[in-house]
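Accompanying notes for the structure given below.
No value in this document is a laboratory result; all are computed from the given coordinates. Everything numeric in this text was worked out from a predicted model, so none of it was measured. Every residue, glycine among them, receives a Cβ derived from its backbone with ideal geometry; neighbour counts consider all protein chains shown.
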Amino acid sequence: MADKKFTEFPNQDSPLASDIILIDHDPDGSPATQKITLQKVIDLVSAGLTGLMKFYSASIADCDNTTDETTIFSITIPANDISDGNIIFVNIPVITKNNAVQYVGPTYKVKFAGTTMTVYSNTSANTGVNEGFGIASFIVMRVGDDLWCSAGSLYSRGVEPLSAGELIYNICSATARGGVVTAPDFTAEQTLELTCTLPVAHASLYVKPQFAKAYKY
């Protein structure tokens with residue numbers, strides 16, 4: 001075969017995992033021309049992504065017809081698992097309803113390492129006969145020795161607008177909402193929780209998480 005430039009070879013748009021790639025191994029140390037399979041490259045990339053992003057196993061529970069503070073979301077964070085700059089994202093699809101006799105809304109709190117942050121409370125919510133559907137989301141981030149909490153909103157869309165569905169709105173500003181956990185012990189196992197408290201017990205006042213996704217970046 002006549003000599004060809006690398007760019008002169010034809011493209012392969014459907015490579016096989018067993019295909020072989022030519023590499024220059026350790027070019028800055030002891031260079032050696034070697035081969036590697038495409039599957040090995042895929043395995044190495046997957047391992048790198050696994051190390052970069054971690055998913056946590058979450059527990060959920062309904063807050064339904066009770067005035068007890070209910071932990072609707074929780075994850076266990078292993079010791080030494082959060083480094084400076086790490087962010088944990090939490091997303092929880094929920095079904096809500098507020099057809100209580102009174103104008104009432106829930107109170108939500110984020111808890112970490114013995115610190116409780118009230119992130120939303122509403123005692124003048126609208127009522128409606130229809131369920132609302134939305135996604136509650138918040139994040140925590142290690143900043144130096146502290147843990148900061150922040151979030152967007154829960155957007156709930158039913159046939160009628162339900163203020164009860166606005167679970168977490170502007171979840172934190174560091175001063176007004178108390179969204180900083182000062183110097184928690186990151187070297188110990190910790191639990192991150194979201195709790196919900198309903199002002200009255202009523203069969204048509206509830207918050208029901210469907211599942212939860214929590215991952216660290």
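Observations on the structure shown:
- Charged neighbours of ILE77, selected by a Cβ distance under 13 Å, balance to 0 (K, R count +1; D, E count -1).
- In terms of packing, defined here as the mean over residues of other Cβ atoms within 10 angstrom, the peptides 6-13, 31-38 line up highest first as 31-38, 6-13.
- Count Lys and Arg as plus one, Asp and Glu as minus one, and take only other residues whose Cβ is under 10 Å from that of PHE55; the net charge is then +3.
- For ALA183, the shell of other residues with beta-carbons less than 15 Å away shows a net charge of -3, using +1 for Lys and Arg and -1 for Asp and Glu.
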